[in-house]
Amino acid sequence: MSKLLTKKRKYPYNFGRVFFPDSQVIPEKILFQPLGNHVGNVVKLVKLWDKKDFPDQSSLERVIEASKIHDMAKPQTFSLQVETNKKEKFKKYIYSFKGHRFKAQHDDLWIETLAQGHHNFSTDCVTNDAYKLRKYKNYQDILNKDSLAYAKELYILEMCDQIEAELACLLKDKTQGEERTFMEYTIKIDENNPNIYRIDPFPFSDDLEYIELTFKYWVFTLLAENKEKLQQLIDKNEENKLGKTLDEIVKDWWEKVEAKPQEEELITIQLKPYQSLNCEYHKDCDYWYQNLTKFQTPNPMQREVFTAITNNEDIAVLLKAPTGVGKLEAVLIPTLALGYRLILPLPTRSLLEDHQERIENYLKKLSKLYPQKEFSLVVDTGSQMYRYIYFNGEKVPSRVKNPRRHLYKGDVILTTLDKFMYRYFGYGDKQKSFIFPLRINDNQNKTIICFDEAHSYDNLAFTNFCNLVKALYETGRNLVLMTATLPKNQIPRFDYLQEGLIDYIDNIDNKEKLDQFLEKNLKQPYPNEKILLWKSEVAIQASPEGKESNNFQQEFINLILNEWQSQENHRLITVVEKVKDAVEIYKQVKEELGTNLDDEGRFLFLYHGRISDTPKDKTHENYQYSRSGVYQQIKQRDNDQKPYLIITTSAIEVGCDLNCQTLITQLCPPENLIQRAGRCNRKGNIANAKVIIIGDSIPDFLNTLTDSELQLYQEKLRSHHSQNFNANEIMKCVSQTQQVDDYRVVELFSQLQEYVYEANLTCKPTHEKGLVITRSWIPSATLIYEDAQITVPLDRLIVKKDQETDKTNQYANVTVEESYYDQETTQWKTRTLRWGNAYQKNIIIKINKSQDGIVFDAGFHEYDYNAEFGFVDLPGVFVKWKPKNFEQQLAYKDGDKTIAVINYITPNND
């Protein structure tokens with residue numbers, strides 16, 4: 001140590017970390033953790049890491065050597081700086097070792113690359129590094145055996161660095177010790193001993209009871225003359241120079257230290273595992289259902305799934321079961337019992353909202369079984385990016401600085417197929433983005449990926465869905481595929497899951513066992529029965545695009561009012577296909593009923609896909625009209641068996657856990673009808689439930705049937721009029737047309753897969769374009785009005801002219817912006833939309849409210865937004881140009897001036 005601390009040492013500033021305990025403009029003292037202390041602790045953690053996490057036998061030695069040199073350039077790059085606000089006033093002191101990782105050197109290129117790669121972990125950096133290493137034969141062999149070997153080693157190095165850093169900060173500066181979502185582990189001080197820290201999960205060797213680490217801190221106490229220098233800058237209003245001056249003061253002090261600092265402090269702590277529940281319960285199905293759910297015992301399907309998940313190391317299950325029999329719980333409960341991470345990509349956000357409430361309740365109960373252990377739920381849809389924490393039976397505030405940063409650190413991740421594909425291909429924050437592929441492809445099989453409502457995808461979405469499921473299966477991921485109505489002609493697409501088939505739809509014995517169980521436990525003679533009524537004779541047609549059909553709406557209104565008034569405590573859901581129809585019917589029904597409240601609160605609800613996701617704050621005046629707010633109110637009344645009347649669109653049909661008495665729906669494809677009917681008498685406890693279908697044709701934009709298939713479907717409905725709704729018979733009417741994959745989507749998926757997981761840099765341009773086609777070739781934009789926002793495909797925002805009125809769908813005070821990542825500040829910012837590829841842009845359409853009723857854009861009306869109705873009309877903001885070379889071009893204009901032109905691939909080649 002003395003050699004390093006002499007005046008003539010080569011690298012004088014041997015600091016690993018700096019602390020400012022009092023956070024004052026003029027600090028009393030500054031603490032420095034010696035670099036050698038930090039590195040020594042990191043090396044020790046690497047050596048004790050669980051050996052099975054390393055990709056091969058040589059990995060441990062590589063990571064040890066990398067940990068020794070990962071911070072070797074900190075002495076040359078050390079500096080103190082100050083962070084100020086916009087008015088150049090002091091906020092806090094910070095320290096920097098900028099660029100130090102790039103100066104790490106070693107004779108072994110892999111070890112050197114690991115050292116230089118730490119602190120970033122972006123998709124680009126990890127793939128570029130792996131590509132560089134693959135050029136060498138000895139490294140190529142390692143990566144051929146495991147293409148993610150480098151990423152896994154880098155992750156272990158980063159985890160050891162992060163664990164040590166968090167401990168050092170918790171000891172001296174809890175503001176620096178806030179939870180990092182990049183770190184897989186949660187660290188807490190033991191309640192009974194301040195020198196013991198509990199880490200969960202415990203990533204080190206199983207035979208260790210604890211790890212002992214010593215932390216050292218050098219102390220520099222500022223002299224009166226040092227404080228005077230800083231005070232002079234404050235007096236001159238030059239607080240932006242405080243950092244440079246303090247940097248000079250510290251370096252001058254350090255250079256004068258002959259042997260060692262004047263004061264030292266040593267703290268020794270023990271890092272111990274969390275005391276978990278006895279593992280004998282892990283495979284006790286009844287124990288978990290009794291403690292986490294409201295059921296006394298699991299049904300036969302749930303018990304079979306529990307056994308399949310808990311008794312197999314490699315999980316590959318295809319679950320076919322009816323709606324409303326607890327498929328979510330069937331997968332969630334064994335996953336929580338094992339302590340695995342569950343990723344749930346869902347087809348719709350409405351389904352996500354329903355699942356969130358149910359999962360929250362289970363995580364609260366689970367946290368009671370594990371006192372002092374945190375559990376977390378991640379909700380990730382793009383517009384929603386949150387991580388919720390549950391502790392001792394309660395939801396508690398997150399300790400993460402940025403509430404939108406989650407990096408899939410959760411026990412359960414709720415997301416959509418679209419967003420999951422972005423994460424699968426490593427899109428996210430510029431730094432740490434490769435953590436998504438790594439956690440999805442957990443190397444110790446601690447992640448289960450469950451695709452719920454697999455039948456809900458069609459066209460491009462189904463192509464991507466098939467590609468994604470097969471790619472995950474082929475890499476050995478734990479998979480569960482759940483469906484109620486997947487057509488038989490699509491089942492062969494998943495033939496590799498046939499060994500894990502659990503069938504409670506077509507397997508008669510299983511179906512009878514499930515029905516008997518439900519009837520016995522419900523103590524009702526009519527499990528899940530409802531009468532089907534088809535009112536085709538009224539010949540109601542869906543209103544044409546852009547036009548309202550008063551007759552169409554009035555027929556619905558008359559039927560709704562008749563059914564609503566036919567009995568007390570009615571729970572009624574009405575489904576139409578267009579938002580405009582739903583809103584107009586809602587308005588008129590509300591007017592007819594005279595109120596939206598009864599003695600027990602609101603009973604009439606409007607719910608559709610263009611109702612805002614926000615605000616999330618339950619105290620906000622418009623929360624009751626947000627999508628989450630509306631659904632929560634409906635769900636509460638449903639749980640309490642209070643009456644409600646819902647006017648909705650297809651947004652309600654997938655997975656929402658509602659149990660209405662009557663469903664009235666516009667004629668729709670059979671697969672949609674089965675899903676909608678699943679909201680009616682879902683719990684099998686309503687004696688007079690019924691499904692009423694209106695109309696004799698399906699709107700073109702929704703129809704999946706050929707003319708002959710539609711005719712057979714109508715005949716089936718006619719034959720079942722006034723009889724029990726038979727989902728199996730309706731299922732036979734689902735279109736048998738063979739799904740044809742779009743070869744372009746297949747190729748793009750393959751290129752992104754090769755870039756992210758095989759480090760094939762020839763595919764990098766595809767990744768850089770952000771070209772992830774999920775449901776459509778048409779990218780989307782975020783539409784915002786004050787606190788409200790939704791996501792809309794760009795082609796719905798094209799300027800159109802009404803031929804009768806000669807007016808366009810343009811509104812006053814509408815601006816088009818894009819968000820972008822500022823590398824200098826490492827923050828997301830916004831600017832006016834620029835030219836370029838739409839797939840690479842986060843486009844934001846802002847509808848601004850005029851001040852004092854003044855409309856600034858002459859000739860245009862102000863947008864009439866009502867939180868209760870949502871975004872009924874969509875503003876025209878882009879001028880559509882003729883497609884060029886298979887690309888659609890949209891112009892954003894201000895009058896005659898073109899501000900920007902964006903492009904995307906046209907859906908068809910013609």
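How many residues are among the aromatic types (Phe, Trp, Tyr) and out of contact with any Pro (no Cβ under 9 Å at 6 or more places or on another chain) if we restrict to the stretch 592-630?
Number of matching residues: 3.
For the stretch 552-574, enumerate the residues that are outside any helix (DSSP H, G or I), buried (at least 21 other Cβ atoms within 10 Å of the Cβ) and not aliphatic (A, V, I, L, M).
Matches in the stretch 552-574: ARG571, THR574.
Which residue, of LYS590, LYS580, LYS618, is among the basic types (Lys, Arg) and closer than 24 Å to HIS355 by Cα? So that I can check it myself, show each step before the final result.
Details: LYS590 fails: closer than 24 Å to HIS355 by Cα; LYS580 fails: closer than 24 Å to HIS355 by Cα.
Among LYS590, LYS580, LYS618, only LYS618 is among the basic types (Lys, Arg) and closer than 24 Å to HIS355 by Cα.
Having 3 or more residues that are not assigned by TED's automatic domain parsing to the domain that holds LYS241 is the bar; report the helices (runs of 4 or more DSSP H) wholly within the stretch 1-114 that clear it. Outline the logic, then answer.
Numbers: elements: 35-48, 59-69, 74-77.
In the stretch 1-114, the matching helices (runs of 4 or more DSSP H) lie at 59-69.
Among the helices (runs of 4 or more DSSP H) lying completely within the stretch 409-516, list those that include at least 2 residues that are charged (D, E, K, R).
Hits in the stretch 409-516: 417-424, 459-474.
Just to verify a result, which residue in the stretch 585-606, among those that are over 16 Å from THR574 (Cα atoms) and in a strand (DSSP E or B), is modelled with the highest pLDDT?
ARG602
One residue is enough: does the stretch 250-266 have a residue meeting the conditions crowded, with 20+ Cβ neighbours inside 10 Å, of a type in the set (A, V, I, L, M, F, W, C) and more than 27 Å from ILE435 (Cα to Cα)?
Our first condition is that a residue be crowded, with 20+ Cβ neighbours inside 10 Å; within the stretch 250-266, this holds for 250.
Applying the additional criterion that residues be of a type in the set (A, V, I, L, M, F, W, C) yields 250.
Imposing the further condition that a residue be more than 27 Å from ILE435 (Cα to Cα) reduces the set to 250.
Yes, the stretch 250-266 has at least one match.
When the residues of the stretch 664-721 are narrowed to those that are surrounded by fewer than 16 Cβ atoms within 10 Å (Cβ to Cβ) and in contact with a strand residue (DSSP E or B) (Cβ under 7 Å, 6 or more places away or on another chain), which ends up nearest to ASN639 (Cα to Cα)?
HIS721
If I ask for residues that are surrounded by fewer than 18 Cβ atoms within 10 Å (Cβ to Cβ), out of contact with any strand residue (DSSP E or B) (no Cβ under 7 Å at 6 or more places or on another chain) and outside any loop (DSSP other than H, G, I, E, B), which ones from the stretch 867-910 would you list?
Residues satisfying the conditions are LYS884, ASP894, LYS897.
Evaluate the following for GLN751: is it of a type in the set (S, T, N, Q) and either free of Cβ contacts under 8 Å to residues at least 60 places away in the same chain or in contact with an Asp or Glu (Cβ under 9 Å, 6 or more places away or on another chain) (or both)? Lay out the reasoning, then the answer.
Values: of a type in the set (S, T, N, Q): yes; either free of Cβ contacts under 8 Å to residues at least 60 places away in the same chain or in contact with an Asp or Glu (Cβ under 9 Å, 6 or more places away or on another chain) (or both): yes.
For GLN751, the condition - of a type in the set (S, T, N, Q) and either free of Cβ contacts under 8 Å to residues at least 60 places away in the same chain or in contact with an Asp or Glu (Cβ under 9 Å, 6 or more places away or on another chain) (or both) - is met.
Taking TYR390, is it in contact with a helix residue (DSSP H, G or I) (Cβ under 8 Å, 6 or more places away or on another chain), part of a helix (DSSP H, G or I) and among the hydroxyl-bearing types (Ser, Thr, Tyr)? If you could, list the steps in order and put the result at the bottom.
Details: in contact with a helix residue (DSSP H, G or I) (Cβ under 8 Å, 6 or more places away or on another chain): yes; part of a helix (DSSP H, G or I): no; among the hydroxyl-bearing types (Ser, Thr, Tyr): yes.
Answer is no for this residue.
Of all residues in the stretch 588-630 being within 20 Å of the chain's Cα centre (by Cα) and not charged (D, E, K, R), which is nearest to ILE790 (Cα to Cα)?
Per the stated criteria, the residue is SER612.
Here is a yes/no grid of residues against (1) at pLDDT 85 or above; (2) buried (at least 17 other Cβ atoms within 10 Å of the Cβ); (3) touching a strand residue (DSSP E or B) at 6+ places or on another chain (Cβ under 6 Å):
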{"site": "ALA471", "(1), (2), (3)": "yes, no, no"}
{"site": "LYS488", "(1), (2), (3)": "no, no, no"}
{"site": "LEU497", "(1), (2), (3)": "yes, yes, yes"}
{"site": "ASP509", "(1), (2), (3)": "yes, no, no"}
{"site": "LYS513", "(1), (2), (3)": "yes, no, no"}
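Checking LEU170 against (1) surrounded by fewer than 20 Cβ atoms within 10 Å (Cβ to Cβ); (2) of a type outside the set (Gly, Ala, Ser); (3) modelled with pLDDT of 90 or more; (4) assigned to a helix (DSSP H, G or I), which test does it fail?
(3)
Does ILE585 meet the test of being β-branched (Val, Ile, Thr) and over 21 Å from ASN558 (Cα atoms)? Talk me through it step by step, then tell me what you get.
On the way: β-branched (Val, Ile, Thr): yes; over 21 Å from ASN558 (Cα atoms): no.
No.
Take the residues of the stretch 190-202 that are surrounded by fewer than 19 Cβ atoms within 10 Å (Cβ to Cβ), touching a strand residue (DSSP E or B) at 6+ places or on another chain (Cβ under 6 Å) and not polar (S, T, N, Q): which is nearest to ASP53 (Cα to Cα)?
To start, the set of residues in the stretch 190-202 that are surrounded by fewer than 19 Cβ atoms within 10 Å (Cβ to Cβ) comprises 190-196, 201-202.
If we keep only those that are touching a strand residue (DSSP E or B) at 6+ places or on another chain (Cβ under 6 Å) too, we end up with 190, 195-196, 202.
Next, from what is left, pick out any that are not polar (S, T, N, Q): 190, 196, 202.
On the way: ASP190: 27, ILE196: 25, PHE202: 12 Å.
Only one residue tops the list, namely PHE202.
Quick check on this structure: which one of GLU360, GLU394, GLU374, GLU353 is among the acidic types (Asp, Glu), modelled with pLDDT of 85 or more and touching a Ser or Thr at 6+ places or on another chain (Cβ under 7 Å)? Working first, answer last.
Numbers: GLU360 fails: touching a Ser or Thr at 6+ places or on another chain (Cβ under 7 Å); GLU394 fails: touching a Ser or Thr at 6+ places or on another chain (Cβ under 7 Å); GLU353 fails: modelled with pLDDT of 85 or more.
None of the others qualify; the one that does is GLU374.
Scan the stretch 673-685 and tell me whether some residue there is in contact with a His (Cβ under 7 Å, 6 or more places away or on another chain), assigned to a strand (DSSP E or B), closer than 27 Å to LYS580 by Cβ and not aliphatic (A, V, I, L, M). Walk me through it before giving the result.
To start, the set of residues in the stretch 673-685 that are in contact with a His (Cβ under 7 Å, 6 or more places away or on another chain) comprises none.
The answer is no, given that none of the residues of the stretch 673-685 is in contact with a His (Cβ under 7 Å, 6 or more places away or on another chain), assigned to a strand (DSSP E or B), closer than 27 Å to LYS580 by Cβ and not aliphatic (A, V, I, L, M).
The values are calculated or read from the model by the stated rules, or taken from the named source; none is laboratory data. Keep in mind the model is a prediction, meaning the values are calculated, not measured. We place every Cβ from the backbone using ideal geometry, glycine too, and count neighbours over all the protein chains shown.
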